[in-house]
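The structure appears right after this line, and notes come after that.
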Amino acid sequence: MALASCHQNPFFSEWDTPYGIPPYNKIKDSDYLPAIKEGIRQQKAEIDAITANAEAPTFDNTIAPLELSGNLLSKVSGVLFNVVETDRTDALDAIVEEALPLLSDHEADLSFNKALYERVAAVYHADQNALTREQQMVLKEHFEGFEREGIGLPEEKQRRLREINSSLSTLTQKIGNNILAESNAFKEKFGFSVSAYPDRMTTTADRDLRKQYLDAYTMRGHNGNENDNRELLVEVLKLRLEKARILGYNNFAEYQLADKMAGTPATVDAFLSGIIKASVAKAKEEVIDMQAEMDKDIAAGILPKGSKIEAWDWWYYAERVRKAKFDLDDEAVKPYFQKDSVRKGIFLAAQKLYGISVEPLEGVPAYNEECVQTWKISDADGSLIGIFTTDYLPRDSKRGGAWMNNVREQYVDAAGNDVRPIIVNVGNLAENMNVDQVQTVFHEFGHALHGLLTKCHYASVSGTNVKRDFVEMFSQFNENWAFQPELLAQYANNAEGETIPAALVEKINNSLKFNQGFMTTELCAASILDMKWHELENFDNVDIDAFEAAVAKEIGLIPEIGFRYRTTYFNHIFSSGYSAGYYGYLWSEVLDKDAFGIFEASPEGPFDLALASKFRKTFLERGGSEEPMVLYKEFAGREPDNKAFLRARGLIK
Ligand SMILES: [Zn+2]
C-alpha cells in the first residue's frame, strides 16, 4: 500500500505563524492551483448564499458579506503574485499562466452576476442615511463597478459591448506586440535597447548618430511595415468611442474620468493647460543655456557655424549644462547612501512625522530568506500597525523596476478583529544608491505607509485602494523628505561614519530642479495628446501625423522638444490601461507638492507634528473611504493649487 503524502496544503489551514505572515517555507508550487480553484469555488458559494437570501437586500446581508467573500483567494493571490515577480521560475510562470484565465473568468462571472447586481442596486437606491460614510463609499464603488461594465443595459447592447471588449483586447494586444517588435528592431539596428535611449542620447557625442537614434525611436509603429500601428490604433479609438456612447457618455475620456478624482475631461484639460505654458516657457530658457554650450563646440571647430539646438541635441547638451551648472557627481553621492542607511532614513522620517516605531523581526517566515528583511511597525501606544518587508537588491529572477505589494490588505473581519496589513517594498537598487534611487526608496515607502497606517473597515477601500489619479500622491509626498538636511544629518553616513557634507546636500537639492522645463513639457504634452485622442468624437479621415502636428501647434510645443510618446508607440494609452489617464502622474504630483507646501510654510518647519498628524488622520488612515477631493479640502482648507508644483520644478519663482 502506498503511503499517503504527509504534506498538507498550507492555504487550507489557519496560519499560526507570527502576525499571520504567510508560511512561505511550507508552501510548495503544487499548492497554488488547488488553492486557487478551491478559492474560486468558495467565493462562488459565498456569492450564491448572498443572492439566495430571501430577505430584502440590505448593506449587512449583501455588501458586508460580499466584502468578506473570497478570503482564500486573497490569501493565495497575495503570496503567488508576490513571489512570481520577485523569484520567478518556469514552474511559477506555468502556474500563473494557468491561473490567470481562471481568475479572469471568475471576475467576469462576478461583474455580470445579474442577481448580485440587482441586490447591490436595491441597497444603493434605498435610503442610505443609516450607513456610515465608509459604507456609502463601498456601496457606491460596487454599484458603479457593475454599471461601468454595462450590466444595467438591454441584452442587445450588452452583446455589442462584449464584442467591443473582445475586439479591443485583441487589437490592443496586437498594438503592444507591434511596439515590442519595433523596439526589438531598434535594438538590433543600434545594439542597445529603447530603455537605454535617454542614456545614449545623453552620452553620444556624434550628432549624426543622435539624429539617427531619434528618428528610429520616434518612428516606431509608423514604418509602413507589418508592425505599423496607424490603422489599428484608429480602430481602437473608434471602438472606445462606441463603447463610451453605449454606456451613456459623449466620448471615451468622459467614461474614463467618471470614476477618477478629476471627474471630467474639462477639469483635466484646464489642469494641463495651466502647466504646459509655464513648462514651455522654462524649456525655452533651457534652450538658451544649451545653445551656449553648443556655441563652445562651434568655436572649437567641432560643429559647423550656425548650428542650432535640435530635438536630437537636447539630452546631450542638457547633460553638459548640468555638469557646468551643478557639478553633481553620482560617484561623490553614492558612498553616503548605503542601502541600510537609506532604509534607516525612511524609518526615521516616519518616526519623526507619525510617531511610529520600527523593530526588526528575526526568524519569521520570508519568501526569500537570503534577500529580504522583515520589520514590525507599531504605533506610539505600542499597538501593531503592520508588517513590512524590504527586498531592495536586484537578482535574475526579479522583474525590473520598483514597487509596493500588499500581501494582506487591512480590514475588519466578521468577528470584529482588525486584521493588520502585510506590505512589501521591492526594488532593483544598488548597495550604494544615487539620488534617483534614494527617491525611489522614499517613494515606495510612501505607498507602504499608505497601506500600513490605514484604519478602515472594508478591504475594498482600505490603504492604497483609492482612485488611480490619487494613489501616487502619497508615494510622491514621501519623497519630499529624502533630502531634508535635518534628516540627512541623521541617516546619510558613509562607511567611515562621516555625515554627508552640507555643500553636497545643497548640490543635490539644486539639481532636483534641473532640466524641468523639458521634463515637464514632455510629460504634459504626452498627457494632452492622450486627452485629445480620447475626446475626439469623429474619426472620419483622421490622419495621425496631422493630428499630432495640430496638437503640438495648439499647445505651443517647441521644435526642440517632440512628443515623448508619439501616438504609434504610446504603449500606456493603447496597451496598458492609462487611456485618458496619463495626466495622473502630474495630477498626483500637484497634490503632493501642494500638500508639502503647507508643511514647508509651517513655522515649525517640514517636521511639524500637528500637521503630520492631520495628514495621517485625513489621508493615510482613510484610504478610499471618502471622495479624494473632500479629503483634500479637509486637509488643506481649499482646493489644490499648482503653484507649489511649478515652484518645486523651478518653473516659476
Ligand atoms: Zn508609485
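The values are calculated or read from the model by the stated rules, or taken from the named source; none is laboratory data. Worth saying up front: this structure is predicted, and the values here are computed from it rather than measured. Here the Cβ positions follow ideal geometry from the backbone for every residue, glycine too, while neighbour counts run over all protein chains shown. These accessible areas exclude ligands, DNA and RNA; they are computed on the full protein's heavy atoms, side chains included. Shrake-Rupley method; radii C 1.70, N 1.55, O 1.52, S 1.80 Å.
For region 552-653, state which GluC sites (Glu not before Pro) are in a DSSP loop and have at most 13 other beta carbons lying within 10 Å of their beta carbon. Please list the in-between numbers first.
Working: sites: Glu554, Glu560, Glu589, Glu600, Glu604, Glu621, Glu626, Glu634; in loops: Glu560, Glu604, Glu621, Glu626.
The qualifying sites are Glu604.
Please label the shape of region 389-495 as rounded, prolate or oblate, based on the square roots a ≥ b ≥ c of the eigenvalues of the alpha-carbon gyration tensor (a/c under 1.5 means rounded; beyond that, a/b larger than b/c means prolate, else oblate).
Details: a/c = 2.18, a/b = 1.70, b/c = 1.28.
It comes out prolate by the Cα gyration axes.
Using a Förster distance of 51 Å, how high is the FRET efficiency between Ala270 and Thr499, based on the Cβ-Cβ distance and rounded to 0.05? Mind showing how you got there, number by number?
On the way: r = 45 Å, r/R0 = 0.89.
That pair, Ala270 with Thr499, gives E of 0.65.
What does a probe at Asp48 reach in region 21-42, counting residues whose amide N is under 15 Å from the point 7 Å along Cα→Cβ?
38-42
If amide H atoms are built 1.01 Å from N in the plane of the peptide, which residues on other chains or at least 5 residues away come under 5 Å of the amide H of Val419?
Close amide H contacts, sequence-distant or interchain: Tyr411, Val412, Asp413.
Using a simple spin-label model with points 7 Å from Cα along the Cα→Cβ vector, what separation in nm is obtained for Phe112 and Phe81?
About 2.2 nm separates the two model spin labels.
Count charges around Pro10 for me, please; just the other residues with Cβ under 12 Å from its Cβ, Lys/Arg as +1, Asp/Glu as -1.
0
Write down the accessible area per residue of region 100-165 in Å², having rolled a 1.4 Å probe over the full set of protein chains. Numbers along the way, then the final one.
On the way: 3610 Å² over 66 residues.
Normalised by residue count, the accessible surface of region 100-165 is 55 Å².
Please list, in order along region 512-523, the HN-Hα scalar couplings obtained from phi with the Karplus expression 6.51 cos²θ - 1.76 cosθ + 1.60 (θ = phi - 60°), rounded to whole Hz, x for Gly and Pro.
With coefficients 6.51, -1.76 and 1.60, one gets 5, 8, 6, 6, 6, x, 5, 4, 5, 4, 4, 5 Hz.
Add +1 for every Lys or Arg and -1 for every Asp or Glu among the other residues with Cβ under 12 Å from the Cβ of Ala94, and state the total. Could the numbers behind the result be given before it?
Numbers: positive: Arg88; negative: Asp29, Asp90, Asp93, Glu97, Glu98.
Result for the local shell: -4.
HN-Hα J couplings of region 616-628 from phi, Karplus 6.51/-1.76/1.60, θ = phi - 60°, integer Hz, Gly and Pro as x?
For region 616-628, the Karplus curve yields 5, 5, 6, 9, 5, 7, 9, x, x, 7, 8, 4, x Hz.
Share of the chain's accessible area from carbon and sulfur, percent, 1.4 Å? The partial results should precede the final answer.
On the way: 14710 of 29210 Å².
About 50 percent, which is the carbon plus sulfur part of the accessible surface.
Given contacts defined as C-alpha pairs under 8 Å and at least six residues apart, what's the relative contact order of the chain, whole-number percent? Write out the running numbers ahead of the final one.
Details: 931 pairs, mean separation 107.8, N = 653.
Across the chain, relative contact order equals 17 percent.
How many angstrom separate the Cα center of region 254-287 from the Cα center of region 455-532?
20 Å
What FRET efficiency comes out for Glu38 versus Glu359 if R0 is 25 angstrom and r is the Cβ-Cβ distance? Round to the nearest 0.05. Walk me through the numbers before you get to the answer.
Details: r = 36 Å, r/R0 = 1.43.
Efficiency computed from Cβ-Cβ geometry: 0.10.
Please state the relative contact order of region 453-582 as a whole percent: Cα pairs under 8 Å, 6+ residues apart?
Numbers: 71 pairs, mean separation 26.4, N = 130.
Reported relative contact order: 20 percent.
For helix 230-246, report the angle its Cα long axis makes with the longest principal axis of the Cα atoms of the chain; keep it between 0 and 90° and round to the nearest 10°.
Approximately 40 degrees, to the nearest 10.
Calculate for the chain the 222 nm mean residue ellipticity that helices alone would give, adding -39,500 (n - 2.57) per DSSP H run of length 4 or more and normalising by residue count, nearest 500 deg cm²/dmol.
Details: 26 runs with 361 residues, N = 653.
Mean residue ellipticity, 222 nm, calculated: -18000 deg cm²/dmol.
Exceeding 30 Å between C-alpha atoms, which entries from my cross-link table qualify? They are Lys323/Lys614; Lys26/Lys376; Lys28/Lys352.
Details: Lys323/Lys614 41 Å; Lys26/Lys376 22 Å; Lys28/Lys352 41 Å.
With Cα atoms farther than 30 Å apart: Lys323/Lys614; Lys28/Lys352.
Amide H of Arg408: which non-local residues (sequence gap of 5 or more, or other chain) have their own amide H closer than 5 Å, using H built in the peptide plane?
Distant-sequence amide H within range of Arg408: Ile422.
So, for region 491-548, what is the accessible surface per residue at a probe of 1.4 Å, expressed in square angstrom?
Details: 2390 Å² over 58 residues.
Per residue, region 491-548 has an accessible area of 41 Å².
Can you pick out the pairs among Lys187/Lys305; Lys140/Lys643; Lys114/Lys140; Lys513/Lys617; Lys260/Lys653 whose Cα atoms lie more than 26 Å from each other?
Values: Lys187/Lys305 33 Å; Lys140/Lys643 33 Å; Lys114/Lys140 17 Å; Lys513/Lys617 31 Å; Lys260/Lys653 31 Å.
Where the Cα-Cα span goes over 26 Å, the pairs concerned are Lys187/Lys305; Lys140/Lys643; Lys513/Lys617; Lys260/Lys653.
How many Å² of accessible area per residue for region 236-344, probe 1.4 Å?
Values: 4970 Å² over 109 residues.
Result: 46 Å² of accessible area for each residue.
Under 5 Å between amide hydrogens, which residues at least 5 positions from Gly386 or on another chain qualify, with H placed 1.01 Å from N in the peptide plane?
Placed amide hydrogens put Ile377 under 5 Å from Gly386.
With the cut-off at 1.5 for a/c, could you classify region 503-559 from its C-alpha gyration tensor as rounded, prolate or oblate?
Working: a/c = 5.61, a/b = 3.30, b/c = 1.70.
Judged from the Cα gyration tensor, region 503-559 comes out prolate (a/c at least 1.5, a/b above b/c).
Please determine, in degrees from 0 to 90 and to the nearest 10, the orientation of helix 155-190 with respect to the longest principal axis defined by the Cα atoms of the chain, where the helix direction is its Cα long axis.
Tilt relative to the chain: about 40 degrees.
For the chain, find the longest principal axis of its Cα atoms and tell me its angle to the long axis of helix 584-600, 0 to 90°, nearest 10.
80 degrees
Label Ala94 and Asp206 with points 7 Å out from Cα along Cα→Cβ: what is the distance between them in nm?
4.6 nm
Would you mind counting up the charge near Gln338? Only other residues with Cβ under 11 Å from its Cβ, with Lys and Arg at +1 and Asp and Glu at -1. Can you show the working numbers first?
On the way: positive: Lys334, Lys339, Arg343, Lys344; negative: Asp340, Glu431.
Its environment carries a net charge of +2.
Over what distance in Å are the Cα centres of region 617-653 and region 83-154 separated?
With region 617-653 and region 83-154 each reduced to a Cα centre, they are spaced 29 Å.
Please list, or write none, the lysines whose alpha carbon is within less than 18 Å of the alpha carbon of Lys174, excluding same-chain residues fewer than 8 places away.
Result set, ordered by chain and number: Lys238.
Would region 195-317 count as rounded, prolate or oblate if I go by the C-alpha gyration tensor, calling it rounded below 1.5 in a/c and otherwise prolate when a/b exceeds b/c, oblate otherwise? Please list the in-between numbers first.
Numbers: a/c = 3.95, a/b = 1.82, b/c = 2.17.
The shape class here is oblate.
For region 222-360, what relative contact order do you get, as a whole percent, if you take Cα pairs closer than 8 Å and at least 6 residues apart? Mind showing how you got there, number by number?
On the way: 51 pairs, mean separation 13.1, N = 139.
Over region 222-360, the number comes to 9 percent.
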